[in-house]
Amino acid sequence: QVQLVESGGGLVQAGGSLRLSCAASGSTFSFNPMAWYRQAPGKQRELVASISSGGRTNYADLVKGRFTISRDNGKNTVYLQMNSLKPEDTAVYYCYALHGRSYWGQGTQVTVSS
């Protein structure tokens, strides 16, 4: 059974950095793509960034230049480096992976204080 396990969330001051990790267990195949979504209170879940198995990336306009998505295919792990964090980045961040069907992690809270 495939599981996506996120780590790295927490509380940080505005302007700080966090690095999220998401490890996929129980799979022998490569996901394409892998991505990070986020959901703030009272808002819809939105795409933050995605990365293909070949390394092609896509970012939401709000995070371009501040966030970097990367992956280690050998470890089936995707990362999100978040720099210059803003209070509006506060949300639960979810890992997503696709292989025939969608898989979601349980979410990790990121809180940015002003």
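A few comments on the model shown:
- Cα-projected label distance for ARG56 with VAL5, points at 7 Å along beta-carbon direction, nm: 3.2
- LYS43-ARG101 FRET efficiency (beta carbon distance; Förster radius 22 Å; 0.05 resolution): 0.30
- Region 82-113 residues near the modelled ALA14 label - backbone nitrogen below 19 Å, point 7 Å along Cα→Cβ: 82-92, 110-113
- Modelled label positions at SER70 and GLN109, each set 7 Å beyond Cα in the direction of Cβ, lie 2.9 nm from each other.
- Stokes-Einstein D for the chain, Kirkwood Rh over Cα pairs, 25 °C, 0.890 mPa s (µm²/s): 176
- Rounded to the nearest 20 debye, dipole of the chain from Cβ charges on Lys, Arg, Asp, Glu: 120
- Start at zero, step by 5 Å, and the Cα-Cα distances of region 47-114 spread as 3, 15, 25, 27, 17, 9, 3, 1, 0 percent across the bins.
- Across the chain, Cα pairs under 8 Å and at least six residues apart give a relative contact order of 36 percent.
Every number in this text was worked out from the coordinates using simple rules, so none of it is lab data. Computed from a predicted model, the values in this text were never measured in an experiment. Quick reminder, even Gly has a Cβ in these numbers, built from the backbone with ideal geometry, and neighbours come from all protein chains shown.
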